[in-house]
Structure formats: structure tokens, C-alpha cells
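The values are calculated or read from the model by the stated rules, or taken from the named source; none is laboratory data. Remember, predicted model here, so these are calculated numbers, not experimental data. Here the Cβ positions follow ideal geometry from the backbone for every residue, glycine too, while neighbour counts run over all protein chains shown.
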Amino acid sequence: MKKNKAVFLDRDGVVLKEVGYLDDFKKISFYKGNIEAIKLLRKYGFKLIVVSNQSGVARGYFTEDFVKKTHRLIQKKLKKHKTKIDAFYYCPHHIKDVKVKRYYKDCFCRKPKPGMVLKAKKRFNIDLSKSYLIGDKLTDIELGKNTGLKTFLLLTGFGKKEKKLINSRIKPDYISKNLLTAAKIIIGEKNEK
Ligand SMILES: [Mg+2]
Ligand SMILES: [Zn+2]
């Protein structure tokens, strides 16, 4: 069976504007160009998979149900533009400042650990070597390195700050202004090969 290629997307600071802990549906908003970027990547056959740390659940800032509803609202907004995200994965756990005990877990899914990517790989039959990870933090980049993905650090969200922390161990393959720029590079590469 032919394998799929995917672009793994961080949520906050990449797909959605960074607003601290997103705890109100009114705070959901896309960066300019993101819908176009999502459409472009889908057009070129990439699965789009969100991988997001949501420790705000463990910390008691919002519920897991709120996270799920947020993802449904994102899909609803995208549907208006005749596009979508293929799947949302999130890690609700944490081991520090945990207010909701059942989420106290030193889990395998919190980025930069590979759990969410590996789960998606299995579900969508993804060839990770032909896939990408786009994030605004070095923990995203580290996740990409840990799972054999090509990585983009975006300068949206925390990107400008995180860029200063790049080191020889955690170094993105690309640095891009925003998601649309990154999408265009990915598409361009595809044409070259
Ligand atoms: Mg982020
Ligand atoms: Zn987790």
C-alpha cells in the first residue's frame, strides 16, 4: 500500500494565534495566510495533523472537553473555506503544577516525546521521511528530530524568541516567516524532486 506524506502542525502559535493558554472560544483566530497554506498543502497530497501540548488541562485552566470543542470549532471554520485538518492530537498531561490528578502523568505524548506522531503514523500509514513538522518552539523541532521529520521553525508565536535558543543539537532544517511561506517551500521541494 502506498504510504502517505504528512505535515505535522503545532496548534498554538502556528495554526492559531498565540494567546497564552487558549481558554475562550473567542480567542480562536488564524494567522493571515493560514487557510491558504492549509489548502495548498492538501492540494499537494499532504495529510495535515495537529500535534499540541495542552497541559492547561492538567493545570486546571480548562477541560479536555474544551480542547475537543476548540478543535471542532477550528474544523467548522475551515469547512467554510472547503478545507480541513485530518486529525488533532493533544497531550493533556503534565507533571508540574497539576490540579486535576488524573492528568498527572509522565506520558509518552507530551512533545518533544514522539507519542502523538507515532500514533498518527500508524493510523494514516505515514512515511515520516517524506513528512514535515512545523512549530514555533524548539520542543516542536526536537519532536521532529526524534521522529525523522524535516522541521520548520516559524517566526510566529514564540518563534522569534525560540530562534535565539537554536543550538547544534536542536536546529530546524528551515526557518520561515509564517505557515504560508513554509507551505510554499514544501511544495517547491516537491516539484524539484
Ligand atoms: Mg506553539
Ligand atoms: Zn501526554
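A few notes on this one:
- Only listed residue being more than 16 Å from ligand 1 (Cβ to nearest atom), surrounded by fewer than 16 Cβ atoms within 10 Å (Cβ to Cβ), within 18 Å of residue 11 (Cα to Cα) and not basic (Lys, Arg), chosen from 106, 97, 65: 65
- Any hit, region 24-32, residues being within 16 Å of ligand 2 (Cβ to nearest atom) and of a type in the set (S, T, N, Q): no
Table: residues versus (1) hydrophobic (A, V, I, L, M, F, W, C); (2) away from ligand 2 (no atom under 16 Å from the Cβ); (3) part of a helix (DSSP H, G or I).
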{"position": "56", "(1), (2), (3)": "no, no, no"}
{"position": "102", "(1), (2), (3)": "no, no, yes"}
{"position": "118", "(1), (2), (3)": "yes, no, yes"}
{"position": "166", "(1), (2), (3)": "yes, yes, no"}
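- Among residues of region 1-22 that are more than 15 Å from residue 53 (Cβ to Cβ) and of a type in the set (Gly, Ala, Ser), those with a Cβ under 9 angstrom from a residue that is part of a loop (DSSP other than H, G, I, E, B) and more than 7 Å from ligand 1 (Cβ to nearest atom), sequence gap 6+ or separate chain, pair up as 6/86; 6/127; 6/131; 6/149.
- Scanning region 116-139 for residues that are within 13 Å of the chain's Cα centre (by Cα) and free of Cβ contacts under 8 Å to residues at least 60 places away in the same chain turns up just one, 138.
- Residues of region 152-171 classified as more than 18 Å from residue 19 (Cα to Cα) and either away from ligand 1 (no atom under 15 Å from the Cβ) or surrounded by fewer than 24 Cβ atoms within 10 Å (Cβ to Cβ) (or both), total: 9
- Scan region 73-100 for residues that are under 25 Å from residue 45 (Cα atoms) and part of a loop (DSSP other than H, G, I, E, B) and the total you get is 6.
- Restricting attention to region 120-141 and to residues that are of a type outside the set (S, T, N, Q) and surrounded by fewer than 20 Cβ atoms within 10 Å (Cβ to Cβ), the residue that is farthest from ligand 2 (Cβ to nearest atom) turns out to be 130.
- In the set (1) closer than 21 Å to residue 174 by Cα; (2) away from ligand 1 (no atom under 16 Å from the Cβ); (3) touching a Phe, Trp or Tyr at 6+ places or on another chain (Cβ under 7 Å), the condition left unmet by residue 33 is number (3).
- When restricted to residues that are within 19 Å of residue 174 (Cα to Cα) and charged (D, E, K, R), region 112-138 contains 3.
- Listed by first and then second residue, the pairs with beta-carbon distance under 8 Å, at least 6 apart or on different chains, first residue in region 42-70 and farther than 16 Å from residue 99 by Cβ, second of a type in the set (Asp, Glu) and part of a loop (DSSP other than H, G, I, E, B), are 47/86; 48/86; 49/86; 50/10; 51/10; 52/10.
- Residue in region 92-102 that is under 17 Å from residue 152 (Cβ atoms) and touching a residue at least 40 places away in the same chain (Cβ under 8 Å) present: no
- Selection status of residue 132, modelled with pLDDT of 95 or more and in contact with a strand residue (DSSP E or B) (Cβ under 6 Å, 6 or more places away or on another chain): yes
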